[in-house]
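Input: a single structure, listed below in C-alpha cells.
The values are calculated or read from the model by the stated rules, or taken from the named source; none is laboratory data. For clarity, every value in this text was computed on a predicted model and none was experimentally measured. When we count neighbours, we look across all protein chains shown, and the Cβ atoms used for this are built from the backbone with ideal geometry, even at glycine. Just the protein is used for accessible areas: all its heavy atoms, side chains included, with ligands, DNA and RNA removed. Shrake-Rupley method; radii C 1.70, N 1.55, O 1.52, S 1.80 Å.
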Amino acid sequence: MSDSMLITSATKNEEHPALAAIAKVLSKVAQHEWEIVQPWAEALLIALIRGDSYIIIPRDRLSELRECRVLVGNTGMYSPFILNQQQLFFGRMWQLEQDVATDIYKLSTAAAKFFNESVAEDLKNWFPDQNGNEQRFAAALALVQHFVVINGGPGTGKTTTVAKILALLLKHVWQAPYPPQIALIAPTGKAATHMANALQCALTNLELSPEIFQVLSQLSGQTVHRLLQLRPPLLSGPFNADNPLPVDILIVDESSMLDLSLFRVLLESLKPEVRLILLGDANQLPAVGAGNVLAELSVPTALTPAITKQLNYLLPNFSMPPSHEEAGIAAHIATLTHSYRFDPTKGIGALATACINGDDSLALTAIESFPQLHLQQYSFLDLCEKIYQLQLAWWQAVTTNNIQAVFSHLTDIIVLSVRRADAKEFNRLYCRYLGHQLQLDTESWFMGMPILITQNDYNIGLYNGDIGVILPDADNHQFLLAYFADGQSYRKVALSRLPQHEPAFAITVHKSQGSEYEQVWLLAPQSEASVDDPLFNRALMYTALTRARNQFTFCGTARQLTQAIKNNERRRSGLRSALKKLFQQQSQLSLF
C-alpha cells in the first residue's frame, strides 16, 4: 500500500487512537505546522502497525514539510518528526534505529582475534565434508570477530555450527580454569527450548574434552525477557551500560522475531567485549513489532582485506567471498544454503524454493508433483473431522493418561492460520466437535486440550510461546492440571495459576515460529474481504511451510496461494542505511 493510499485510507476509517494524544501536544506547540503534518502523522501510525519505520513523502509535498521547522527536523536533530530525504520518521523511531546501528557498529569493530595453526586443524577436522564448507566458513568468521550473523533456512545446520563454535572458543580462547558465561536465548520460550535441545543433540556427535563437554552440556535456553529480567510494559530491567549483563558469549536464535525495541534493550545490556551470534532465517516473517532486524543485516557476504587475511590462514585453499575495504556489516554475515533436511528439488524443499524465488507457477507444479504437498479447500466442519482422524494416536494417549506419549504426539500435526480470528474460530468449532466425539464438556478446560501461553509470568516460570497440555493429575484423576515439558520430565501447574493462554489446536503462523511439526495445515484467510489480504505474503507462506517436516496442506485456493507468493512487500527500515553510514564514516576517517 502506497503512503498516499495510507492517508486516503486513514480519512475513510476511524482515527488512529494515538493520533488524538499526539495532536493534543503538538497542536499546542505549533498549530499551523500540525495542520500540515497531521495527515502524515496518521499515515506513519498506520505504517508502524504494519511494521514500517518510515513512510515515503512525494517530492511535490516535501517543501511544505521542510517549512515545518519546529515539528520536523533533519537527521541528527531532536524533533517529533525526522525528514531524511523523502523518508519521514517519528523522531523516536529514527533514534531507535540509530541506537541499534551504533551498538552493532561498536560490536562489529571490536578488535579481531588471531589464532594459531591448531585452530585451522580443528576447523578442517570438525567440518570434514564438502557440504560443510559454508558451516566451516561461518565458524571461522565467528572465531575472529565479536559480532556475527548466521543466516540460513531450516536444516542448514545453524545450531550444529554454533555448537562447534562454542567448543572451539572454549578450547582456544578461554583456556583459563574459569570458563566464559554463555547464554542461549530466543524471543519465545518455545524457540529457546528447541535451540537448547538441538544444541545438546549436536554435542553428542563431537569429540570434546570432559571439561568442555561439562560446560556445554549444562547450557539451557531461555527467553530474551527472562535473561534481561524485563518487566512490561516499558521493557525495563536491571541491566544497562553501567551494569552490563554478566555474559561473555550470547547466542540468539530465531532472530527474525526480534523487533527493534527489544533488540535495542538487548544490545544496551551487553558488555563491550561480548561475543554476539545471531541465528535465524531472513526469509521468515519479521517480528510482530516494528522493524526487520535480521533481514536488514543479512546482506551478501563481503570481507575486508584484514579479515580475508585471517580467514586465509584458518581456511587454506578456501574460495573466499569478495574483499574490499568498505565491506561494512557484510563482513559479519555468513549464509548457509545447503539443507540437510529438505531436497530443494523435491517436496517441501521444492515448494520452499519456489516461494523464496516468487515463482508461483513452480509452486503449483510442486504441489501437483509431490505427495507430501496438498492444496484443497475445506469447510471448518470438514477440517475438524479430518484433523480428528489424524489425531487418533494423540487422543488414545490422552485417554490412557500416558503423559510421555501425549507429548510425543504434540508435534504430529498443527493447524496454522494467517489471521488470529481464523485460529480462534477453528479452535472454537474443534472444541465443540470434540465434545460430541469424546462426550466431554469442552466449554472450559478439558483433558487433552493443548494450550499456548501468551503472557510471560516470571513467578510461575511460564513464558509467551510455551505449549502445555491439560491432563488429569497423575495422583488424583478427578482434578485437571496443566503439564509442560521440562527437559526429560514434566512440570505440573494448577489451572488457577496459569497466566494468559489460549487453545492451541490452531495457532497463527507468527506464534508457530521456532517450532516444527510432522504435518502443517495452513488456513488461507477465510472472509471474502481477506481474499487479497496484504498480510498473507511470501514471508508468511514460507514460514508456515517450513514448520513442516514431512507434509504440508494449503487449505485454500490456487489463487490465494499464488497471490501470497507474489506478494513480497518488505518492511521499510532505516537500519541498513544507518549501519552503512557509520562504516563509511569510519572508512573516511581512516584515510586521514
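Here are a few things to note about the model shown:
- Look at where the Cα atoms of segment 44-103 and of segment 162-222 average out, and the two centres are 42 Å apart.
- Under the shape rule built on the C-alpha gyration tensor, where the axes satisfy a ≥ b ≥ c, segment 48-91 is oblate, since a/c reaches at least 1.5 while a/b does not exceed b/c.
- Normalised by the number of residues in the chain, the mean separation of alpha-carbon contacts (under 8 Å, six or more apart) gives a relative contact order of 15 percent.
- Among beta bridges that DSSP assigns inside the chain, antiparallel share in %, nearest 5: 40 percent
- Within segment 40-59: backbone nitrogen closer than 15 Å to the residue 84 label point (7 Å, Cα to C-beta): 52-57
- Simple spin-label estimate for residue 404 and residue 432 gives 3.9 nm between the two label positions (7 Å along the Cα-to-Cβ direction from each Cα).
- Cα-only Debye scattering, segment 436-592: base-10 log of I(q)/I(0) at q = 0.17 Å⁻¹: -1.08
- Dipole of the chain, positive end: most advanced residue of 152, 444, 582 [Cβ charges, Cα centre]: 582
- Value of relative contact order over segment 141-280, rounded to a whole percent, pairs C-alpha under 8 Å and six or more apart: 33 percent
- Extension gain, residue 69 to residue 273: 0.36 nm times the residue separation minus the Cα-Cα distance gives 69.4 nm.
- Unit Cα scatterers, Debye sum, segment 140-276: log10 I(q)/I(0) for q = 0.14 Å⁻¹: -0.64
- Residue-level accessible surface for residue 268, protein heavy atoms, 1.4 Å, Å²: 80 Å²
- Listed pairs 113/171; 106/271; 164/580; 271/309 exceeding 22 Å between Cα atoms: 164/580; 271/309
- Convex hull (Cα only) mean projected area of segment 362-480, reported in nm² to one decimal: 9.7 nm²
- Using only side-chain charges placed at the Cβ, +1 for Lys and Arg and -1 for Asp and Glu, the dipole size of the chain relative to its Cα centre rounds to 620 debye.
- Helical segments meeting 18 Å axial Cα length and Kyte-Doolittle 0.0 threshold in the chain (DSSP H): 17-29, 31-50, 158-172, 189-203
- Using the Cβ-Cβ distance between residue 309 and residue 566 with R0 = 51 Å, the FRET efficiency computed as 1/(1 + (r/R0)^6) comes to roughly 0.70.
- Length added when fully stretched, residue 23-residue 443, from 0.36 nm per residue minus Cα-Cα: 146.7 nm
- Taking all protein chains together, 195, 320 sort by accessible area into 320, 195, largest first [probe 1.4 Å].
- Largest accessible area first, the residues 94, 445 order themselves as 445, 94 under a 1.4 Å probe with ligands, DNA and RNA left out.
- Segment 38-178: proportion of alpha-carbon pairs further apart than 22 angstrom, %: 58 percent
- Normalised by 2.2 N^0.38 Å, where N is the number of residues, the alpha-carbon radius of gyration of the chain equals 1.01.
- Long-range tail of P(r) for segment 234-280 (Cα pairs > 16 Å, %): 39 percent
- Once the chain from residue 320 to residue 50 is taken as fully extended at 0.36 nm per residue, the excess over their C-alpha distance is 93.4 nm.
- Here each label is just a point 7 Å from Cα along the line to Cβ, and for residue 424 and residue 585 those points are 4.6 nm apart.
- Solvent-accessible area of residue 325, all protein chains in place: 130 Å² (probe radius 1.4 Å, heavy atoms, ligands and nucleic acids excluded).
- For segment 251-359, size of Cβ-based charge dipole, Lys and Arg +1, Asp and Glu -1, in debye: 260 debye
- Global form of segment 156-199, assessed from the alpha-carbon gyration tensor, a/c cut-off 1.5: oblate
- Surface accessible to a 1.4 Å probe, per residue, for the residues of the chain, Å²: 46 Å²
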